[in-house]
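S.K.: What follows is a single structure, and I will ask about it in a moment.
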Amino acid sequence: IAFDVGPLGKLFAPLGDLPFEEGIRLFSEVFRTALRVHKQYPFDLILIETINDCYEAKAAVIAAKEVMEEVGISLPVIVTTVYDQSAKSLTGSDPETMVTILEGLGVVALGMNCSLGPKQMTDIVPRLTAVSSLPVVVNPNAGLPQSQQGHTIYDVTPADFATITSSFVDMGASLLGGCCGTTPEHIRAFKEAAKA
């Protein structure tokens, strides 16, 4: 069971108006609240996901580690970041830069989630696994989001999701799952394909 936290929703300075120290403070509030109930409702790790700025990833990990030290709890931290189809984060970082920063912060695993479907992640996954000394996490969407009649849909079928996502194992990814638009059928199909 993971305590899962996403981005703050504001850009960090200098591109945005959120100061780095304020970002750490805001993430710390979140982690303090979660860790306050940890004894009653225990979880096994902290997952920081859907982060599109290396500066925000750094603030989140620092906050998690500082609050864990403050309350006397030690849990593994995993971070997954997001990229566009050119393999850049919103603020321009590439996968290699993210790996370098996150490994330096002492996370136990790192990778990518959301924003892209498995097909669009195919060129990015080997870039992550080539430079990471840690387990690599890959959680694609069920395709790129599309709007139809006011609803967001994802058009990658469970079978196609399974075929492409299972190839990430051969590329060196260790932890795989699904993000937006995936269903139990997507995960079931992937699990069966990965066994083969």
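The values are calculated or read from the model by the stated rules, or taken from the named source; none is laboratory data. Remember, predicted model here, so these are calculated numbers, not experimental data. Note: ideal-geometry Cβ built from the backbone for every residue, glycine included; neighbour counts use all protein chains shown. We work out accessible area using only protein heavy atoms, side chains counted, and drop any ligands, DNA or RNA first. Shrake-Rupley method; radii C 1.70, N 1.55, O 1.52, S 1.80 Å.
S.K.: Pull out all pairs, ordered by first then second residue, where Cβ-Cβ is under 9 Å, the residues are six or more apart or on different chains, the first lies in the range 99-125 and is of a type in the set (D, E, K, R), and the second is outside any loop (DSSP other than H, G, I, E, B).
M.R.: The qualifying pairs are E103/L110; E103/V131; K119/D160; K119/I164.
S.K.: Go through (1) of a type in the set (V, I, T); (2) surrounded by 15 or more Cβ atoms within 10 Å (Cβ to Cβ); (3) touching an Asp or Glu at 6+ places or on another chain (Cβ under 8 Å) for I1 and report which single condition fails.
M.R.: (2)
S.K.: In the range 126-148, which residue that is touching a residue at least 12 places away in the same chain (Cβ under 8 Å) and of a type in the set (S, T, N, Q) is surrounded by the fewest Cβ atoms within 10 Å (Cβ to Cβ)?
M.R.: Out of the qualifying residues, it is S133.
S.K.: Also, quick follow-up: Exactly one of (1) open to solvent by 80 Å² or more (accessible area, probe 1.4 Å); (2) at pLDDT below 95; (3) not small (G, A, S) is unmet by E21. Its number?
M.R.: Here E21 clears every test but (2).
S.K.: Could you tell me whether any residue of the range 43-61 is free of Cβ contacts under 8 Å to residues at least 60 places away in the same chain, surrounded by fewer than 14 Cβ atoms within 10 Å (Cβ to Cβ) and over 21 Å from the mean Cα position of the chain (by Cα)?
M.R.: No, every residue in the range 43-61 fails to be free of Cβ contacts under 8 Å to residues at least 60 places away in the same chain, surrounded by fewer than 14 Cβ atoms within 10 Å (Cβ to Cβ) and over 21 Å from the mean Cα position of the chain (by Cα).
S.K.: Another question, then. Take the range 162-177 and flag every residue that is buried (at least 21 other Cβ atoms within 10 Å of the Cβ) and either without any contact (Cβ under 8 Å) to a residue 40 or more places away in the chain or β-branched (V, I, T) (or both).
M.R.: So the first thing to find is which residues in the range 162-177 are buried (at least 21 other Cβ atoms within 10 Å of the Cβ), and the list is 162, 165, 168, 173, 176.
A162, T165, L176, listed by residue number.
S.K.: Criterion first (hydrophobic (A, V, I, L, M, F, W, C) and either in contact with a Cys (Cβ under 8 Å, 6 or more places away or on another chain) or open to solvent by less than 50 Å² (accessible area, probe 1.4 Å) (or both)) does A159 satisfy it? If you could, list the steps in order and put the result at the bottom.
M.R.: On the way: hydrophobic (A, V, I, L, M, F, W, C): yes; either in contact with a Cys (Cβ under 8 Å, 6 or more places away or on another chain) or open to solvent by less than 50 Å² (accessible area, probe 1.4 Å) (or both): no.
Criteria not met by A159.
S.K.: While we're here: So how many residues does the range 60-117 have that are more than 28 Å from F161 (Cβ to Cβ) and either aromatic (F, W, Y) or assigned to a loop (DSSP other than H, G, I, E, B) (or both)?
M.R.: Residues in the range 60-117 being more than 28 Å from F161 (Cβ to Cβ) and either aromatic (F, W, Y) or assigned to a loop (DSSP other than H, G, I, E, B) (or both): 8 in total.
S.K.: Looking at G6, G23, G16, can you tell me which residue is within 20 Å of L102 (Cα to Cα) and in contact with a Lys or Arg (Cβ under 9 Å, 6 or more places away or on another chain)?
M.R.: Working: G6 fails: in contact with a Lys or Arg (Cβ under 9 Å, 6 or more places away or on another chain); G16 fails: within 20 Å of L102 (Cα to Cα).
When all the criteria are applied, what remains is G23.
S.K.: Another one. Only one of T152, T50 is in a strand (DSSP E or B) and modelled with pLDDT under 95; which? Can you show your working first?
M.R.: Numbers: T50 fails: modelled with pLDDT under 95.
Answer to the selection: T152.
S.K.: Out of (1) under 14 Å from I51 (Cα atoms); (2) at pLDDT 95 or above; (3) surrounded by 22 or more Cβ atoms within 10 Å (Cβ to Cβ), what's the single condition that is false for I101?
M.R.: (3)
S.K.: Could you run through the range 108-125 and say how many residues are closer than 12 Å to I78 by Cβ and open to solvent by 10 Å² or more (accessible area, probe 1.4 Å)? Step through it out loud before you land on a result.
M.R.: Residues of the range 108-125 that are closer than 12 Å to I78 by Cβ, as a first pass: 108-113.
This time we only want the ones that are open to solvent by 10 Å² or more (accessible area, probe 1.4 Å), so: 108.
The total comes to 1.
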